[in-house]
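The values are calculated or read from the model by the stated rules, or taken from the named source; none is laboratory data. This structure is a prediction, so every number in the text was calculated from the model and none was measured. Neighbour counts run over all protein chains shown; Cβ positions are idealised from the backbone, glycine included.
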Amino acid sequence: MKPNRPNRETVTTINRDGSRFFLHPADVSGLFTRGRRLFALLLIGIYVLLPWIPVNGHPAVFLDVINRRFHLFGLTFAAQDLWMAFFFITGLGFSLFFLTSLFGRVWCGWACPQTVFLEHVFRRVERWIEGDATKRRQLDKAPWSTEKVVKRVLKHGIFVLIAFGIANMFLAYFISIPGLYQWMTHSPAEHWGAFVFVMVATAIMYFNFSWFREQLCLIICPYGRLQSALIDDDSIVIGYDENRGEPRGPAKKEGFGDCIDCLRCVQVCPTGIDIRQGLQIECIGCANCIDACDTVMTKLNRPKGLVRYDSLNGLAGKKRRIIRPRLFLYGFLMLLGATAFTLSARQLRSVNMNVVRMTGAPYFITDTTIRNQYMVRVINKTNEAHTYHIRTTAEGQAYETQGNEDGLLVPPLGEEVRPVILSVSHDAYTGPFPIQIHLDSDSGEALVDRDAEFLGPNPKLLQKYKKQKEADGDNSP
């Protein structure tokens, strides 16, 4: 009877009876492991520090959803500016496509938050408390004892605290560090929505990093499946040099390749795959297998690189290409998104203005005039109060304006709404016409212009209506 262990030719985390096979990757050291660890610490430091670093009076990244203001490295976006997020997100998406076509799943192995926190935070805690991979497997099989209970309670307690810290730091991106501290020092009932969010986020992250782990990459994340469409035989991936390594055999016997079938590359893999079986969707490009194999080759006085970063063509001994059509396509789309976002961001102003027609009838007719009513919303994106002035222009038209006689004082990061009414006499009205509503600074500098339209009835029908009323002797509206 075959032992109940995963079939390496199918899914690495499922036993033959269908149950979950829990992976305990062995620790590894080497050039790429040190590089990934330093890069992970840098990313974690950026994640923690961004809400603390002030830029133009706000955190470097502050998504102030409550006030509908979004501060990114000194730029302030109002809710009306979110259309620019389309170019930003598409630019990032095609940047990932571009990098994947060049370097495979470098994002997954080096920068994905799942990998960064799991491999460089939670598993480090687990190794510190429970020991290496062998001791962790032994602890899993051991009966419950005082030692096992203490280790498990300590480990999972620290896991919960770390998940709670990550969730609170994530919330700080939306309410700022001072706001987070204020909310934390008050009753949860005062901000129950944020309290529930943090508790749910903590629970999800604890479940993910303590139990679900690599299943997120294998089952939920679609990126591994997209990889096959994004890369080709010239993309740099992690692979096994079959020409050099086969046939596998003992190190001290003649007639075998460099691979001694020690399975060290499998033992250190966070998804449990055997890289010698070729590129697989479970591979996250972490390079653990490279460092593990290089360590073994060094001990055997054999050249490193049996498992290495290379293209499939390179591993097969064929000519490798760097410049190829898909790079031009992904690069063009990446630059297109980045250029569109940059040009849009350069058009950002410290103030914004929206003009909408008041609800109700599009126009009103009195005895002598036709009236249009507009709501002008002025948004101040700066940290200081400013006074603005509203003026209107309509080339070749005679009209009167009400509502813009005085300046409009808008508080810091605030907004004010003012009604503006335009009236045209019956005699001067010749039909609908365009108007421009301008916003000027207190010093007279033109800031924002918005187009609108003055609406009214058909002039012929208006004159006919007036004549009929005069003939009937009716002067009422």
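A residue that is among the small types (Gly, Ala, Ser) and in contact with a helix residue (DSSP H, G or I) (Cβ under 7 Å, 6 or more places away or on another chain) can be found somewhere in region 86-97. Here residue 405 clears all of (1) in contact (Cβ under 8 Å) with a residue 12 or more places away in the chain; (2) within 27 Å of residue 360 (Cβ to Cβ) except the condition numbered (1). Considering region 149-185, the residues that are of a type in the set (S, T, N, Q) and part of a helix (DSSP H, G or I) include one that is modelled with the highest pLDDT, namely 168. Residue 239 meets the conditions (1) assigned to a loop (DSSP other than H, G, I, E, B); (2) of a type in the set (Gly, Ala, Ser); (3) buried (at least 19 other Cβ atoms within 10 Å of the Cβ) in every case but one. The failed one is (1).
Anything in region 242-262 that is touching a residue at least 40 places away in the same chain (Cβ under 8 Å) and surrounded by fewer than 13 Cβ atoms within 10 Å (Cβ to Cβ)? List them, or say none.
243
The residues listed here are 111, 85; of these, the one that is of a type in the set (Gly, Ala, Ser) and either surrounded by fewer than 15 Cβ atoms within 10 Å (Cβ to Cβ) or not assigned by TED's automatic domain parsing to the domain that holds residue 158 (or both) is 85. In region 135-163, which residue that is touching a residue at least 24 places away in the same chain (Cβ under 8 Å) and more than 25 Å from residue 43 (Cβ to Cβ) is surrounded by the most Cβ atoms within 10 Å (Cβ to Cβ)? Taking the candidates together, the pick is 136.
Of all residues in region 343-368, which are loosely packed, with under 15 Cβ neighbours inside 10 Å and free of Cβ contacts under 8 Å to residues at least 24 places away in the same chain? Passing the criteria: 343, 346, 347, 356, 359, 360, 361.
Considering the conditions (1) out of contact with any Gly (no Cβ under 8 Å at 6 or more places or on another chain); (2) within 17 Å of residue 295 (Cα to Cα), residue 260 is excluded by exactly one of them, (1).
Can you name the residue in region 440-476 that is among the hydroxyl-bearing types (Ser, Thr, Tyr) and at pLDDT below 80 and, of all such residues, is nearest to residue 405 (Cα to Cα)? Looking at residues that are among the hydroxyl-bearing types (Ser, Thr, Tyr) and at pLDDT below 80, I get 476.
Between residues in region 299-322 that are under 20 Å from residue 32 (Cβ atoms) and residues that are assigned to a loop (DSSP other than H, G, I, E, B) and of a type in the set (Lys, Arg), which pairs lie under 9 Å by C-beta distance while being six or more apart or on different chains? Filtered contacts from region 299-322: 310/320; 311/318; 311/320; 311/321; 312/318; 314/320. In region 263-283, which residues are within 28 Å of the chain's Cα centre (by Cα) and free of Cβ contacts under 8 Å to residues at least 12 places away in the same chain? Across region 263-283, the qualifying residue is only 280. Of the residues making up region 420-477, those that are loosely packed, with under 11 Cβ neighbours inside 10 Å, among the aliphatic types (A, V, I, L, M) and assigned to a helix (DSSP H, G or I) are 461, 471.
Total residues in region 408-428 satisfying the condition of being touching a residue at least 24 places away in the same chain (Cβ under 8 Å), out of contact with any Gly (no Cβ under 6 Å at 6 or more places or on another chain) and farther than 21 Å from residue 78 by Cβ: the figure is 6.
For region 38-64, the set of residues classified as closer than 14 Å to residue 112 by Cα and touching a residue at least 60 places away in the same chain (Cβ under 8 Å) consists of 39, 40, 41, 43, 44, 47, listed by residue number. The single residue among 79, 111, 40, 60 that is of a type outside the set (Asp, Glu) and at pLDDT below 90 turns out to be 79. When region 300-345 is limited to residues that are within 30 Å of the chain's Cα centre (by Cα) and basic (Lys, Arg), the one that is nearest to residue 76 (Cα to Cα) turns out to be 326.
Within region 355-403, the residues that satisfy the criterion of being touching a Ser or Thr at 6+ places or on another chain (Cβ under 7 Å) and assigned to a loop (DSSP other than H, G, I, E, B) are 368, 381, 382, 399.
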